[in-house]
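Where a number appears in this text, it was derived from the coordinates with a stated rule and is not lab data. Note that the structure is a prediction, hence the values are computed from the model and not measured. Backbone-built Cβ (ideal geometry, glycine too); neighbour counts: all protein chains shown.
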Amino acid sequence: MIAKPLSLITLVVLYSLMVIGGYVSAAGLGLVCPDWPLCPGGLIPSEEYFVEWIHRVIAMIAGILIIATMVACWRSRDEVGRAVITSTAASAFVITQIGLGALVIDLRLQAVLVTIHFGIGIVLLVSVLLTVLFVFGLRIVRA
């Protein structure tokens, strides 16, 4: 079943994206690339844009993986149970994140939007983590 390795890879890539996004934010590099989706210089910009460019490339990869995981879960929905719901939610959240990311850049890092972007990122991570748990058939303990 492709959903198992795909969901794990998706989780690792998404977590890496969040770490790099935290670095971009903490280092004040959020507006290094003033345009969206590309940085000045096109597909492969100069080194001054490298960190933010890497963040955007990993975000693109994460988005593709999240949607691919959802498709894999839907294709094996009889085996993965609730992962269909959590992977579909994750796909909706990643689409929201893409729009918010563009808006954050366009509106020059407005604090409220940056906070919302971060918050939805956490919800997205939880959705992907739950997808992994459900795909692997792990039970969540109820109190």
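Rounded to whole numbers, the Karplus 3J(HN,Hα) couplings from phi for the stretch 118-127 are 5, x, 5, x, 5, 4, 4, 4, 5, 4 Hz, using 6.51 cos²θ - 1.76 cosθ + 1.60 with θ = phi - 60°, and x at Gly and Pro.
Helix 3-26 and the long axis of the chain differ in direction by around 30°, with both axes built from C-alpha atoms. Helix 50-75 and the long axis of the chain differ in direction by around 20°, with both axes built from C-alpha atoms.
Counting only Cβ charges, +1 for Lys and Arg and -1 for Asp and Glu, the dipole size of the stretch 3-135 around its Cα centre is about 420 debye. Grab the DSSP H runs of the chain that are 4 residues or longer, score each as -39,500 (n - 2.57), total them, divide by all residues and round the 222 nm result to the nearest 500 deg cm²/dmol. Mean residue ellipticity, 222 nm, calculated: -25000 deg cm²/dmol. Springs join every pair of Cα atoms under 10 Å in this Gaussian network model of the chain, and among Ala59, Ala89, Ala26 the largest mean-square fluctuation is at Ala26.
Left without a cysteine partner by the 4.7 Å Cβ rule in the chain: Cys73. Out of Thr69, Cys39, Gln110, whose Cα points farthest toward the positive end of the dipole of the chain (charges: +1 Lys, Arg; -1 Asp, Glu; placed on Cβ)? Highest projection toward the positive end goes to Thr69.
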